[in-house]
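Reading through the structure tokens given below for one structure.
The values are calculated or read from the model by the stated rules, or taken from the named source; none is laboratory data. In this text, all values refer to a predicted model and were calculated from it rather than measured experimentally. Please note: Cβ atoms are built from the backbone with ideal geometry, for glycine as well, and neighbour counts cover all protein chains shown. These accessible areas exclude ligands, DNA and RNA; they are computed on the full protein's heavy atoms, side chains included. Shrake-Rupley method; radii C 1.70, N 1.55, O 1.52, S 1.80 Å.
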Amino acid sequence: MACNPVLFYLCRTFNMILLFSTFYGIKCNCLLFLFISGDVVRLFGGINHSSVEPLVVHRVKKLAQICVQTVHQKRLDWGSQLLMSSETTTKPSALLLETVACLINSRLPWNCKVVGYLQQKKIYCLFRGIIVSIPQIGTNLERHNNTSSLEQVLMLIASHVGHHPCCCPTVDPRWSFSSQLLSIPFLWHRLPHFKKVFSANGLSKYYIHQIACFLPSCADVLPNDVTANHPGYACVLANVLEAATWILSEPKSASDTAADIIAVCTSLLDALPTITSPNGRADDDDDIPMDADTINGLDADLERQITAAIDSRFLQHLVNALFRDTLSTNYSDPTGPSDIEVEAVGSICAFLHVTFNTLPLERIMTGLAYRTEIVPALWNFIKRCNENQRWPYFSKFVSSLPADAARWLLPVSVFCPIYKHMLKIIDNEEFYEQEKPLSLKDLKSLVFILKKALWELLWVIPSHASTSQKVLPNPSGLKKLSIENVKSRARIGLSELLTQLQDWNNRLPFTSSNDFYSLQATSENFVSQAILGNTRAWEIINLAPFLAPFTSRVKIFTSQLANSRQSTTSHSALTRHRFKIRRNRLLEDAYDQLSVLSEEDLKGPIRVAFVNEHGVEEAGIDGGGIFKDFMENITRAAFDVQNGLFKETSDHLLYPNPGSGLAHEQHLQYFHFLGSLLGKAMYEGILVDLPFAAFFLSKLKQKYNFLNDLPSLDPELYRHLLFLKHYAGDISALELYFVILNNEYGEQSEEELLQGGRDMRVTNDNVITYIHLVANHRLNYQIRAQSTHFLRGFQQLIPNEWINMFNEHEIQILISGSLESLDVDDLRSNTNYSGGYHPDHEFIDMFWEVLKGFSLDNQKKFLKFVTGCSRGPLLGFQYLEPKFCIQRAGVPGMEDHEDRLPTSATCMNLLKLPPYKQKEHLESKLLYAINSEAGFDLS
């Protein structure tokens, strides 16, 4: 009969024990008792152990090795029983591993020699094979309450490090615990009890330091024998990150442990392919479905393990451990940073920079911004370096650049995106009243430092760079920390943060708007270079337009418009379009006729003839004035909230109606038409009186809106979200879930903010994400389709790069002109006269006095009366084409002009004004004319 293999290995093991017992005269009936619960030294060494110690140690080594080899050879047959404990089973795997545990007990005299021998014999390779062979059945791997025999053995061998005195030889990194076991996929899920031991008693500190020493130069020693989707480096990263939260949560966790964790994770993250995450909405048509098993060549569960491990707790513990004794969040030490501070800042910035280039940002940024003190800590570091004019060199992480720019690149490239993310969801009380996280005084300094850094990066460094000068290789060998990568991140981060700060300053100034301008960008030479295009000045205007004053950018914009109109006119001189528009069917006729025009036709000349309510075409030739009147009337009608396409905020600001589809079947086509209509007005330089909500104007720049844009749309919801943000109790008790209730035209519907949101409760840990998603839903998601179609129409005439030169406040000025009072003196200095009038005429002096005394509303009506638009040119009346002209009305020498009203010809910007004798008479006639809305003088 064939011998049972299991019994064979047990007998083989037991026979070795019998050999020991025979040699030392131990009786067989006492053997098992002594082996399991008795004196193991006496069992193997007899009474006089020291005299035969070499032989005893040799045989104990062999026995322990044979036991592990036996389990390894039978691992596929024994399967999940490998996770059992000898206390709960008599399975051979448990008994064999329990035997090894007895043989390497730390109290035994041969412990060090036996453990060292096993390590030399690549014992971790055997354990790797054993662990990997254990079937994974979801979370069932953690179902065992008792510590398994396998985990006990691993604890004993792994925890041997650091014992004194210790004679264990150095282990080749290829066969070490760090490379063989930490590279096992989901190690802590397979061995949950071993995880607790690893995270305590200094084990983690030793082994993570071991990895830090041989990475990244020896990264190729990590095994890749599981599957191609589970590369060793990614498994080590996942296991270290998962253990790091427990390791760093220990109160005694030192900064050097945090530094080792950072060093390991930075190196391994650099090798990881970029991980992206879907939007998360269950019904987002733009989402691209991701493969359920693999993403970017990695196992999807492995990627989820890595991304989930870098959570707010990990980041909080990491920053606290690293900065606890090195970097202050308060500005108390005016001296420059110490070497320890420089090392800490360099480490965390290198880690975060690589992380930002590798993993989805939203959750990481939220954790950094709201669960750590890294923003004030980095600001304190940056501020001190700037004030001391000494930027330390992070030689360990970044290579050198021409000039000294690299010394501030790394901390700035990390600080900017974190603080920018914080500004997305910080509220006005925190920013202006509590002055968190930075004081208003510090914000002024921050704007100055960032502006100077950005200008140096965009203008100074490129101008000093030599094409023949080689950039030194990165000493760390990390691809994502290459100097070009850091520079690119810094450029984007600086530009975006300064844009955010300028938005805050526009809401309620904390510094002068001029503080955002770079002095060099205010010169006429800079403007001229930008107008030429394909210059560094134009590149700066594209990336950081706020560095140049608004008037400079308007000059660039108007120059681009003029060039485009000239180019279009030369191609469409013979294809002028003339449309008949019924005044009582203004919107419908305009949509039917103009919406079919091509982009080229829209840019060309368009002339309009109005048809009155009797079907008769009104007299007059459109020389431009009627078209301007048409644009003002059509925009007023099209954007009227009664049409159902737009709604008003409580401040009477316009934004797309989320329920527009219920009001108009072709609502998206209408939004496209309205976008092209607004684009045409801006393209022709026609100002229209359309006050838009800033959160809608941001869509013209393809920007997202955030919490601080919400008060103008829904102040009540904003207050509720702030209540949640500052709620001190247990938020989960409020029974909120990741859903939102929509209510349009009386129809209510519930919508998930995240996939599975109906079952996802809002807690103190995820409330910031919930607040962000609610604000995003109302400000971005609900109007995304309408905004997208509006933008497509708008971009037919105004390219994205043109409009991106301006912020939302400035775009409103481009659309409607300045809200400030009419500059009468500017208009007077740019006025022509005819019919006998001249600048020094007594009646002309009287006219300007009357106009100056008008209210703002009447001044706007006057301007509309004579030019067809209630607001003046952006850069002043010198840019009004043709120039405003006052012409004497009536026949000279006749007195019948006293009863005549002033008239106008808006196509010529012409005012026909009778020479009234009395100032009061002039004022009353002028007011009557501008308020009568009688139309134009077309004679």
Count of region 357-399 residues which are among the polar types (S, T, N, Q) and over 19 Å from the mean Cα position of the chain (by Cα): 6
Does Leu822 qualify as being in contact with a helix residue (DSSP H, G or I) (Cβ under 7 Å, 6 or more places away or on another chain), over 24 Å from Gly675 (Cβ atoms) and assigned to a loop (DSSP other than H, G, I, E, B)? yes
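Return the residues of region 741-750 that are surrounded by 14 or more Cβ atoms within 10 Å (Cβ to Cβ) and either modelled with pLDDT of 95 or more or more than 19 Å from Leu707 (Cα to Cα) (or both); say none if nothing qualifies.
Listed by number, the list holds a single entry, Glu744.
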Kindly list, by first and then second residue, each pair from a residue in region 579-606 that is among the hydroxyl-bearing types (Ser, Thr, Tyr) to a residue that is crowded, with 17+ Cβ neighbours inside 10 Å and part of a helix (DSSP H, G or I), limited to pairs with Cβ atoms under 8 Å and residues at least 6 apart or on different chains. Tyr591/Tyr670; Tyr591/Phe673; Ser595/His672; Ser595/Phe673; Ser595/Ser676
All but one of (1) crowded, with 16+ Cβ neighbours inside 10 Å; (2) within 25 Å of the chain's Cα centre (by Cα); (3) outside any loop (DSSP other than H, G, I, E, B) hold for Phe723; state the number of the condition that does not hold. (1)
Can you name the residue in region 847-882 that is of a type in the set (A, V, I, L, M) and open to solvent by 30 Å² or more (accessible area, probe 1.4 Å) and, of all such residues, is farthest from Leu561 (Cα to Cα)? Leu856
Among the acidic types (Asp, Glu), touching a strand residue (DSSP E or B) at 6+ places or on another chain (Cβ under 7 Å) and surrounded by fewer than 20 Cβ atoms within 10 Å (Cβ to Cβ): does that describe Asp589? yes
Residue set Leu773, Leu697; condition free of Cβ contacts under 8 Å to residues at least 40 places away in the same chain, outside any loop (DSSP other than H, G, I, E, B) and buried (at least 19 other Cβ atoms within 10 Å of the Cβ); output residue Leu773
Among (1) farther than 16 Å from Ser816 by Cα; (2) in contact (Cβ under 8 Å) with a residue 24 or more places away in the chain; (3) not small (Gly, Ala, Ser); (4) not in a helix (DSSP H, G or I), the one test that Glu665 misses: (2)
Which of (1) surrounded by fewer than 17 Cβ atoms within 10 Å (Cβ to Cβ); (2) at pLDDT below 95; (3) among the polar types (S, T, N, Q) is the odd one out, the single condition Ser816 does not satisfy? (1)
Report, ordered by the first and then the second residue, all pairs with beta carbons closer than 8 Å, sequence separation of six or more or different chains, a first member in region 254-267 that is in contact (Cβ under 8 Å) with a residue 40 or more places away in the chain, and a second member that is outside any helix (DSSP H, G or I) and of a type in the set (A, V, I, L, M, F, W, C). Ala263/Leu215; Val264/Leu215; Thr266/Leu478; Ser267/Leu215; Ser267/Leu478
In region 914-932, anything modelled with pLDDT of 90 or more and either within 25 Å of Ala681 (Cα to Cα) or part of a helix (DSSP H, G or I) (or both) is listed as Lys919, Glu920, His921, Leu922, Glu923, Ser924, Lys925, Leu926, Leu927, Tyr928, Ala929, Ile930
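Yes/no matrix, rows are residues, columns are (1) open to solvent by 20 Å² or more (accessible area, probe 1.4 Å); (2) in contact with a Lys or Arg (Cβ under 7 Å, 6 or more places away or on another chain); (3) under 24 Å from Gln702 (Cα atoms); (4) not β-branched (Val, Ile, Thr):
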{"residue": "Leu594", "(1), (2), (3), (4)": "no, no, no, yes"}
{"residue": "Arg607", "(1), (2), (3), (4)": "yes, yes, no, yes"}
{"residue": "Gly615", "(1), (2), (3), (4)": "yes, no, no, yes"}
{"residue": "Val641", "(1), (2), (3), (4)": "yes, yes, yes, no"}
{"residue": "Pro656", "(1), (2), (3), (4)": "no, no, yes, yes"}
{"residue": "Gly661", "(1), (2), (3), (4)": "yes, no, yes, yes"}
{"residue": "His667", "(1), (2), (3), (4)": "yes, no, yes, yes"}
Cβ-Cβ below 6 Å, separation at least six or inter-chain, first residue in region 370-391 and at positive phi, second in a loop (DSSP other than H, G, I, E, B) and surrounded by 21 or more Cβ atoms within 10 Å (Cβ to Cβ): which pairs? none
Can you confirm whether region 369-384 contains a residue that is hydroxyl-bearing (Ser, Thr, Tyr), part of a loop (DSSP other than H, G, I, E, B) and out of contact with any Pro (no Cβ under 7 Å at 6 or more places or on another chain)? yes
Candidates Tyr718, Tyr704, Tyr737, filtered to the one that is modelled with pLDDT of 95 or more and either of a type outside the set (D, E, K, R) or open to solvent by less than 40 Å² (accessible area, probe 1.4 Å) (or both): Tyr737
Any residue in region 54-82 that's touching a residue at least 12 places away in the same chain (Cβ under 8 Å) and over 16 Å from Glu151 (Cα atoms): show its pairings with residues that are acidic (Asp, Glu) and crowded, with 18+ Cβ neighbours inside 10 Å at Cβ separation under 7 Å, as long as the two are six or more apart or on different chains. none
Going through region 891-913 one residue at a time, which ones are over 30 Å from Glu810 (Cβ atoms) and modelled with pLDDT under 75? Val891, Pro892, Gly893, Met894, Glu895, Asp896, His897, Glu898
What's the number of the condition Leu662 fails, among (1) modelled with pLDDT of 90 or more; (2) closer than 30 Å to Leu717 by Cβ? (1)
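Restricted to region 466-481, and to residues that are at pLDDT below 70 and closer than 28 Å to Thr358 by Cβ, which residue is surrounded by the fewest Cβ atoms within 10 Å (Cβ to Cβ)?
Lys470
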Go through the residues of region 210-222 one by one and say whether even a single one is surrounded by 20 or more Cβ atoms within 10 Å (Cβ to Cβ), at pLDDT 90 or above and not charged (D, E, K, R). no
Pairs, please: C-beta under 6 Å, at least 6 apart or cross-chain, first residue farther than 21 Å from Val447 by Cα and in region 532-551, second assigned to a helix (DSSP H, G or I) and open to solvent by 20 Å² or more (accessible area, probe 1.4 Å)? Thr535/Gln529
With the condition kept exactly as written, say whether any residue in region 223-237 is of a type in the set (A, V, I, L, M) and modelled with pLDDT under 90. yes
